[in-house]
Amino acid sequence: MGHDDEGARLMSLQDTVPGTSPAERTAWAVWSWIGRALTLAMAALAGAVALIYAVSVFVPPVARSTSNSVAVGVQLPEEVSLAALDQRSIVYAGDGSVLGVLHDDIDRQLVPLSQIPQHVRDAVITAEDRKFWEHEGYDVEGIGRALVANARAGVVTQGGSTITQQLAKSEVGDETSLERKLIELTYAVALEREFTKEQLLERYLNQVYFGNGAYGIAAAAEEYFGHDQPGKLLYEEAALLAGIIRSPGSLDPRRSPDAAVARRDRVIRDMGVEGYFTPEQVTHLVTAPLGITPPRAQERPDPFLLEAVKQEFYDSPMLTDFGEDRLARNERLLTGGLRVYTSVEPLMQALAREVVTSYLPDDPTQPTASIAAVDPRDGSILAIYGGADFAAEQYNIATQGRRQPGSSFKPFVMATALMEGFPLDMELEGTSPAKFPGSGDPKWEEEGVQNYGGASYGRVDMRQALIRSVNTAFAQLGLIIGIENAVETARQMGINTDAATAGIVNPAISLGGIERGVTPLEMASAYGTFANGGAHVPASMIDRIESSDGEVLYQRTPAPQQVLDPRVNGAMVDVMQSVVSGGTATRASLANWRAAGKTGTTQNNADAWFVGYTPVMSAAVWMGHAEGQISMPGRTGGSIPATIWHDFMVRALDGVEPVGFPEVEIGERALVDGGEVSVPDVRGLDETQALRALAEAKLIGQTRIVDSLTAEGTVLWQNPRPGETAQAGDSISIGVSSGKAPPPPEPEPEPSPTATETPTDAPSTEAPSTEAPATEAPATEDPVEGVPGD
């Protein structure tokens, strides 16, 4: 519209001004026209000033005439750069599928210019900076044109900044001041000299904001059109996105579709003027529908997995290159554009959830269950299901929820005893209740330790003690070996004992009474040591980390550490197979695989466990209430947890060729360091103290119960005698009082000339021969299904 047309339009408005005479309306129109003319004149003057300013500022000193007619110059920055852009990190499963996307406030995916179609580039340049390929960072004509347009509209309708200036603004700030604008202009010119046009355009297309949280062309293509890459954008879609850049809020195509379409069509027509489209193409494209997809759902395919990946990334000592502390690593993970490749198998993860929910409702008010599964050969985490609603609890029980392990901790105690040289046939206290004076636990000293269901087994060897899960036997065994030694074994096998015990080590740990408890993942990893021949590989789900351009930043290399002597480990596997085949965990038995494991049930049935393994997979199942310490009457580790483990393993191992555990000649004794030792004096001690003293001397105590009125449990004699020399690993017989009077002697037969006189009094404190008086301990029954225990 020209000046005359504009004046005519203003004059035509005079009849619409209420409450005025014709003369007044005429005067109003004249003054309005004069005001408009003055505004336009000022805008034109501003454009001229901008032109003069730009020329005076940016004419290089070498271009000055000999007459020094150009006397103004501005020093350009010597060094310029573009800060790294925040970009999303992507987490991948073991099968290559995407587990999830992690980002902070900015959701951006960087793409090279080569993957951005030409028509997308052309659309953005047309909408934002038509002289991009020609200017040197600033466009004087564009600045003047914007000033005039804004003056005529009375508001800012056009921006005068070039693409390069917009990039410069992101580096120098956006404060509204002349000084800042001067810095922006000089920085833009310096950027043009430092980078190629292609580099600047690529940076801009990845940096610019398109609204609705979409930073960069890739995120915009995904946000508005559901495309997983900008290469799929259609012509009209590219024009729409280009048009949004100027004002992402007011041109939001979901909230203001009419304004967005009008802006899109304007860009399409301008592209026609620039020669990118023919008139026929323009006519066709402006009739295209908007085509916007609904807002993207904030997908979290499995929050348990993503949270576990984050926690490992934050805590792993192998990932210090990504930050020295959690805060630094968090920033790197959410903004660094990392590609994190994990070992998690989505099918197993789905299977874990399916099996748990088939037995327990997905109801936070009811008991739930958690599963953690690892490959014992390399420590790869295959599945971690944390139980009921993650959103309600906001933590993953499989990796973060510490619970009392109950009797599932007993294998660590037994393995320690075997490593110290105690034999499988070592007899222990199976009577219930059994008191342990001097244990340091007032309850154990005064009330004693009870077996599950109050069952009493008399004297029981170590093998049967584990198969039947005899509490009294393991209470005694823990005291003999030193519970701190069992804790150390557990640590070497994969339990975070610092977190589990909180520094509190007491006798109850031998029965699983740990201060803070263990996690299912720790238990699966630790039992994986048994499955792997006694060698432990730390559990990990992060296999590899790459940068956004494919550079390998981290590669996990499993490094097995031999924790248990192979013969000790073979003995443990053998006994733990018996737990499954005929002990407390028969429901976990597998048809085609040799399985081994241990149940665990805590006080008041608040926690129930089954942890088991095959040669290729170790898995832990915990059952309980997410809040913890809520009774589940009748629930033990051998019930639902063992059944869940069975169903999960059957399907997880489907199609895998069964293999057996390594064949190891175990015998009844394990190796101990050789060498001569002096036999300590243990007479007068109680049985547990005596066995502990002998263990510290690397000697194996063999108990013989002797009827005597001496206090029950007191050592009456020992053989060999104190101070004698023995070989490490030798057995030392000790006679222990039953606390009962000896039976009356039978009538003596008639003297015989060749008969030797037999003493009738109680055995002395020193045995006269290696065959000390003894009474045999009651034999234990073979385990049968339904035997009391957990």
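The values are calculated or read from the model by the stated rules, or taken from the named source; none is laboratory data. The model shown is predicted, which means the values in this text are computed figures rather than measured ones. Heads up, the Cβs are rebuilt from the backbone with ideal geometry, glycines too, and the neighbour counts pull from every protein chain shown. Calculation scope for accessible area: heavy atoms of the full protein, side chains included, ligands and nucleic acids excluded. Shrake-Rupley method; radii C 1.70, N 1.55, O 1.52, S 1.80 Å.
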- prompt: Of all residues in the range 180-239, how many are closer than 27 Å to Val98 by Cα and not in a helix (DSSP H, G or I)?
  reply: 15
statement: Across (1) in contact with a Phe, Trp or Tyr (Cβ under 8 Å, 6 or more places away or on another chain); (2) farther than 22 Å from Gly582 by Cα, Ser469 clears everything bar (2)
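Considering only the range 308-319, state which residues are surrounded by fewer than 21 Cβ atoms within 10 Å (Cβ to Cβ) and assigned to a helix (DSSP H, G or I).
Matches in the range 308-319: Lys310, Gln311, Glu312, Tyr314, Asp315, Pro317, Met318, Leu319.
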query: open to solvent by 60 Å² or more (accessible area, probe 1.4 Å) and closer than 23 Å to Glu484 by Cα: does that describe Pro442?
result: yes
Tabulated pairs, the range 590-607, first in a helix (DSSP H, G or I), second open to solvent by 30 Å² or more (accessible area, probe 1.4 Å) and among the charged types (D, E, K, R), C-beta under 7 angstrom, 6+ apart or interchain: Asn605/Arg635
Check on Asp565, modelled with pLDDT under 95, open to solvent by 60 Å² or more (accessible area, probe 1.4 Å) and not β-branched (Val, Ile, Thr): no
message: Please verify whether Ala500 is touching a helix residue (DSSP H, G or I) at 6+ places or on another chain (Cβ under 9 Å) and under 24 Å from Trp622 (Cα atoms), treating the condition exactly as stated.
response: yes
- prompt: Taking the range 410-431, which residues are open to solvent by 20 Å² or more (accessible area, probe 1.4 Å) and either part of a loop (DSSP other than H, G, I, E, B) or charged (D, E, K, R) (or both)?
  reply: Glu420, Asp425, Glu427, Glu429, Thr431
field: Residues of the range 171-198 that turn out to be without any contact (Cβ under 8 Å) to a residue 60 or more places away in the chain and either of a type in the set (S, T, N, Q) or open to solvent by less than 70 Å² (accessible area, probe 1.4 Å) (or both), as a count
entry: 10
message: Conditions first: (1) polar (S, T, N, Q); (2) within 30 Å of Tyr92 (Cα to Cα); (3) surrounded by fewer than 20 Cβ atoms within 10 Å (Cβ to Cβ). Ser618 passes all but one, so which condition is the exception?
response: (3)
- prompt: Looking at (1) open to solvent by 20 Å² or more (accessible area, probe 1.4 Å); (2) more than 38 Å from the chain's Cα centre (by Cα), can you tell me which one Val460 breaks?
  reply: (1)
query: Do we have any residue at all in the range 269-277 that's assigned to a helix (DSSP H, G or I) and open to solvent by 80 Å² or more (accessible area, probe 1.4 Å)?
result: yes
field: Number of positions in the range 552-579 that are under 31 Å from the mean Cα position of the chain (by Cα) and either under 22 Å from Gly534 (Cβ atoms) or among the β-branched types (Val, Ile, Thr) (or both)
entry: 14
query: Is there a residue in the range 603-610 that is open to solvent by 60 Å² or more (accessible area, probe 1.4 Å), over 22 Å from Val537 (Cα atoms) and in contact with a His (Cβ under 8 Å, 6 or more places away or on another chain)?
result: no
query: Can you pull out the strands (runs of 3 or more DSSP E) entirely within the range 613-714 that have at least 1 residues that are within 26 Å of Ser469 (Cα to Cα)?
result: 618-624, 700-706
- prompt: Under 6 Å by Cβ, and 6 or more places apart or on different chains, what pairs join a residue from the range 256-273 that is within 23 Å of Gly211 (Cα to Cα) with one that is open to solvent by less than 40 Å² (accessible area, probe 1.4 Å) and among the basic types (Lys, Arg)?
  reply: none
- prompt: Does the range 626-644 hold any residues that are crowded, with 17+ Cβ neighbours inside 10 Å and closer than 15 Å to Gly401 by Cβ, and which are they?
  reply: Ala626, Pro641
- line: From the option list Ile495, Ile509, single residue qualifying as aliphatic (A, V, I, L, M) and in a loop (DSSP other than H, G, I, E, B) is Ile495
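Would you mention how many residues in the range 124-140 are in contact (Cβ under 8 Å) with a residue 12 or more places away in the chain and either surrounded by fewer than 20 Cβ atoms within 10 Å (Cβ to Cβ) or not in a helix (DSSP H, G or I) (or both)?
Summing the residues that are in contact (Cβ under 8 Å) with a residue 12 or more places away in the chain and either surrounded by fewer than 20 Cβ atoms within 10 Å (Cβ to Cβ) or not in a helix (DSSP H, G or I) (or both) in the range 124-140 gives 11.
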- request: Just one of (1) under 24 Å from Gln118 (Cα atoms); (2) of a type in the set (Ser, Thr, Tyr); (3) in a loop (DSSP other than H, G, I, E, B) trips up Thr283, so point out which.
  value: (3)
message: Checking Gly583 against (1) at pLDDT 95 or above; (2) buried (at least 20 other Cβ atoms within 10 Å of the Cβ); (3) not β-branched (Val, Ile, Thr), only one condition comes out false. Which one?
response: (1)
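Let's see how each residue does on (1) without any contact (Cβ under 8 Å) to a residue 60 or more places away in the chain; (2) open to solvent by 60 Å² or more (accessible area, probe 1.4 Å); (3) touching a Ser or Thr at 6+ places or on another chain (Cβ under 8 Å):
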| residue | (1), (2), (3) |
| --- | --- |
| Asp321 | no, yes, no |
| Glu324 | yes, yes, no |
| Ala328 | yes, no, no |
| Leu333 | no, no, yes |
| Leu338 | no, no, yes |
| Thr342 | no, no, no |
| Arg353 | yes, yes, no |
| Thr357 | yes, no, no |
| Leu360 | no, no, yes |
- line: Log entry, pairs with first residue in the range 112-123 being open to solvent by 50 Å² or more (accessible area, probe 1.4 Å), second being not in a helix (DSSP H, G or I), beta carbons closer than 7 Å, six or more apart or on different chains, reads Gln115/Gln229
